[in-house]
1. Here is a list: P7, P92. Which entry is surrounded by fewer than 15 Cβ atoms within 10 Å (Cβ to Cβ) and over 19 Å from T156 (Cβ atoms)?
2. Could you tell me whether any residue of the range 147-156 is among the β-branched types (V, I, T), closer than 24 Å to P69 by Cβ and either crowded, with 20+ Cβ neighbours inside 10 Å or without any contact (Cβ under 8 Å) to a residue 24 or more places away in the chain (or both)?
3. Given the criterion closer than 19 Å to P115 by Cα and in a helix (DSSP H, G or I), identify the matching residue among A60, A80.
4. Within the set of pairs 6+ apart or on separate chains, which have a first residue in the range 26-44 that is in contact (Cβ under 8 Å) with a residue 60 or more places away in the chain and surrounded by fewer than 24 Cβ atoms within 10 Å (Cβ to Cβ), a second that is of a type outside the set (D, E) and in a helix (DSSP H, G or I), and C-beta atoms under 6 Å apart?
5. If you check V101, V120, which single one turns out to be of a type in the set (V, I, T), in a helix (DSSP H, G or I) and either in contact (Cβ under 8 Å) with a residue 40 or more places away in the chain or under 21 Å from A62 (Cβ atoms) (or both)?
6. Show the residue pairs meeting these rules: Cβ distance below 9 Å; 6+ apart or different chains; first residue within the range 51-64 and of a type in the set (F, W, Y); second residue surrounded by fewer than 17 Cβ atoms within 10 Å (Cβ to Cβ) and part of a helix (DSSP H, G or I).
7. For R114, state whether it is buried (at least 19 other Cβ atoms within 10 Å of the Cβ), in a loop (DSSP other than H, G, I, E, B), modelled with pLDDT of 95 or more and under 12 Å from the mean Cα position of the chain (by Cα).
8. When the range 10-25 is examined, which residues are found to be buried (at least 23 other Cβ atoms within 10 Å of the Cβ), within 29 Å of R88 (Cβ to Cβ) and either free of Cβ contacts under 8 Å to residues at least 60 places away in the same chain or of a type in the set (V, I, T) (or both)?
Amino acid sequence: MSGAGAPNLAVDASGLRVAVIAGSWHDEVMGGLIRGAHETIVRAGAEHTLFRVAGAFELALAAQAALTPAEHGGGGFDAAVCLGVIIRGGTPHFEYISNSVTDGLTRVQLDTGRPVGFGVLTTDDEQQALDRAGLPGSPESKGREAAEAALQSAVTVRRIRTEGPTMPLVPGAGA
């Protein structure tokens with residue numbers, strides 16, 4: 001499993017509003033991903049709302065709507081956690097969707113300046129998805145990891161924007 005050596009990204013996210021946006025394919029896997037994200041966000045002290053979309057391809061548009069500031073017609077959320085499942089089939093569809101979702105969510109994050117937690121499973125088969133869903137017996141919880149990443153990024157970005165330039169890490173450096 002790729003989760004070996006994963007960092008502990010737990011933070012105090014009190015006051016943050018998080019949109020959890022989840023696809024509708026593969027109910028059992030999605031249930032585990034959503035549960036992992038929910039528990040992580042609650043533990044961090046943030047507020048969250050769950051939005052369901054048809055599938056992984058629709059995540060980027062929903063994330064953009066959630067992260068666009070309210071004064072510009074969006075939801076004004078501080079972060080989004082995007083959850084989905086794309087399982088390889090016998091056609092190139094897997095590659096097209098996987099690439100489009102990744103590129104779309106990256107663009108949303110950069111265009112809005114607000115973090116997107118990437119919890120989209122791209123697997124060869126359903127068992128690999130189950131192993132990453134955070135279900136009882138699953139060795140990994142990508143829903144938890146995506147929520148941790150989004151919350152940690154949101155707290156860090158907020159700190160960067162409020163603190164601005166600070167002293168150099170090494171005394172005498174930058175003089």
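The values are calculated or read from the model by the stated rules, or taken from the named source; none is laboratory data. Computed from a prediction, not measured in an experiment: that's the story for all the values here. Every residue, glycine as well, gets a Cβ built from its backbone with ideal geometry; the counts of neighbours run over all protein chains shown.
1. Result: P92 is the single residue among P7, P92 that is surrounded by fewer than 15 Cβ atoms within 10 Å (Cβ to Cβ) and over 19 Å from T156 (Cβ atoms).
2. yes
3. A60
4. Once the first residue is in contact (Cβ under 8 Å) with a residue 60 or more places away in the chain and surrounded by fewer than 24 Cβ atoms within 10 Å (Cβ to Cβ) and sits in the range 26-44, its partners that are of a type outside the set (D, E) and in a helix (DSSP H, G or I) give A44/L151.
5. V101
6. If the second residue must be surrounded by fewer than 17 Cβ atoms within 10 Å (Cβ to Cβ) and part of a helix (DSSP H, G or I), the pairs left are F57/S100.
7. Yes; evaluated as a whole, the condition is true for this residue.
8. V20, I21 - these are the residues of the range 10-25 that are buried (at least 23 other Cβ atoms within 10 Å of the Cβ), within 29 Å of R88 (Cβ to Cβ) and either free of Cβ contacts under 8 Å to residues at least 60 places away in the same chain or of a type in the set (V, I, T) (or both).
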